[in-house]
Amino acid sequence: MGALKSLLVDEIVRRGSIKDVDVLRLRSIVHRDGIVSEEDAEALLQINEACPVQDATWPDFFIETLTDYVVNQAPPEGYITADGGKWLIARVSKDDKIARKTELDLVVNILDKSRWSPVSLSRFALDQVRRAVVDGDGPLRAGQVVEKGRISEPEVELVRRILYAFGGDGNVAVTRAEADVLFEINDAIVNPEANPAWTDLFVKAVTNVVMAASGQAVPTREEAMRRDAWFAERGELSPKSLIAAMVTSSIDAVRGAYQEQSPEERALARLEHQRIEIITNEVITQAEAGWLCERIGRDGKLTPNEAALITYLKKESPNIHPDLQARVDRLAQAA
């Protein structure tokens, strides 16, 4: 595919539009040898940036081809390094802000298809959702009139997908960098009762962080944060009613997956984190009990979703870090 630039790029860029015939020609070149070079990837990024008018077939081809290059052809195969993440972020965003949905879909697809990626790339993707909720703009709000402080169910599911993608198939707890964004989103939501789907995900994700900080072995992210079948039939539940239902169903179903780690298991978990850090060349910072004590109920105030979290953690108090247990007790009294 090395001849791509000389054949098509200049012509398409000058025109400022991508036609269906362009996509067909580009696809035929890709399929000819199956090799996507860095030069080819840069050319496709240039086309995407220069062409506001795009045929409906372009996004799928663009995402598929760039994902193949980043995940399967750029070394190390199957993994995204910190440098690879920086390269991608620099080419799909300006000042860490993505302009169009196609670029966001590309980042999420790369996270999803890679075996491991740097947590900075996961945070970058989550930040685009935070931007929609906090600032009311960005690719998720393009063409929509949505007030700041709102999160839609598709946006909740996008957060879930990003968290699943970074966790992969391993038992990797939600990291501090990811949890930071989840708290920022939660703090910005002005009417938590309007979206119980967010309450469900937020409580499960932060519970995962708390249990890991308390020395518990954690399940896979998909098991810890899955959207259970009962949720679709819940009706309209307030956060308080929702947490009661969660305690008796979805979270109770995975309670056995959170278990005290033996010294050997803790050592193996550290080794696995070190292996990922060596491959991606980026440190994974896990949330610690002290940070969580400061972050939950910051400023001495509980959001309704944090109150739901505290309700659940009160049931788990024998299993959480003593400092967190004391914090939970104080917040529960103040709630």
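Looking at the range 82-101, which of its residues are surrounded by 19 or more Cβ atoms within 10 Å (Cβ to Cβ) and under 22 Å from residue 160 (Cα atoms)? Outline the logic, then answer.
Here is the first cut: in the range 82-101, the ones surrounded by 19 or more Cβ atoms within 10 Å (Cβ to Cβ) are 84-85, 88, 92, 98.
Matches in the range 82-101: 85, 88, 92, 98.
Go over the candidates 214, 152, 122, 114 one by one and state the one that is of a type in the set (Ser, Thr, Tyr) and in contact with a His (Cβ under 6 Å, 6 or more places away or on another chain). Give the steps one after another, and end with the answer.
On the way: 152 fails: in contact with a His (Cβ under 6 Å, 6 or more places away or on another chain); 122 fails: in contact with a His (Cβ under 6 Å, 6 or more places away or on another chain); 114 fails: in contact with a His (Cβ under 6 Å, 6 or more places away or on another chain).
The match here is 214.
Taking the residues in the range 1-42 that are of a type in the set (A, V, I, L, M, F, W, C) and at pLDDT 90 or above as candidates, determine which candidate is surrounded by the fewest Cβ atoms within 10 Å (Cβ to Cβ).
Step by step, filter the range 1-42, then rank; the result is 21.
Does residue 79 fit the bill of being under 23 Å from residue 44 (Cβ atoms), of a type in the set (Ser, Thr, Tyr) and either in contact with a Lys or Arg (Cβ under 9 Å, 6 or more places away or on another chain) or exposed (fewer than 15 other Cβ atoms within 10 Å of the Cβ) (or both)?
Yes; evaluated as a whole, the condition is true for this residue.
What number of residues within the range 98-140 are among the charged types (D, E, K, R), outside any loop (DSSP other than H, G, I, E, B), over 21 Å from residue 282 (Cβ atoms) and in contact (Cβ under 8 Å) with a residue 40 or more places away in the chain? Break it down stepwise before answering.
So the first thing to find is which residues in the range 98-140 are among the charged types (D, E, K, R), and the list is 100-101, 103, 105, 112-113, 115, 123, 127, 130-131, 135, 137.
Imposing the further condition that a residue be outside any loop (DSSP other than H, G, I, E, B) reduces the set to 101, 103, 105, 112-113, 123, 127, 130-131, 135.
Checking the rest, the ones that are also over 21 Å from residue 282 (Cβ atoms) come to 101, 103, 105, 131, 135.
Within this subset, residues satisfying the condition of being in contact (Cβ under 8 Å) with a residue 40 or more places away in the chain are 101, 103, 105.
Residues that pass the stated criteria total 3.
Hey, could you check the range 127-148 for residues that are surrounded by 15 or more Cβ atoms within 10 Å (Cβ to Cβ) and farther than 14 Å from residue 104 by Cα and say which is modelled with the lowest pLDDT?
146
Of (1) modelled with pLDDT under 95; (2) within 21 Å of residue 273 (Cβ to Cβ), residue 121 satisfies all except one. Which?
With respect to (1) modelled with pLDDT under 95; (2) within 21 Å of residue 273 (Cβ to Cβ), residue 121 is out only on (1).
Please go through the range 257-267 and pick out each residue that is surrounded by 12 or more Cβ atoms within 10 Å (Cβ to Cβ) and not in a strand (DSSP E or B).
Once the filter is applied, which keeps residues that are surrounded by 12 or more Cβ atoms within 10 Å (Cβ to Cβ) and not in a strand (DSSP E or B), the range 257-267 yields 257, 258, 261, 265, 266.
The values are calculated or read from the model by the stated rules, or taken from the named source; none is laboratory data. What you see is a predicted model, and the numbers here were worked out from it, not measured in a lab. Here Cβ is always computed from backbone atoms with ideal geometry, including for glycine, and neighbour counts include all displayed protein chains.
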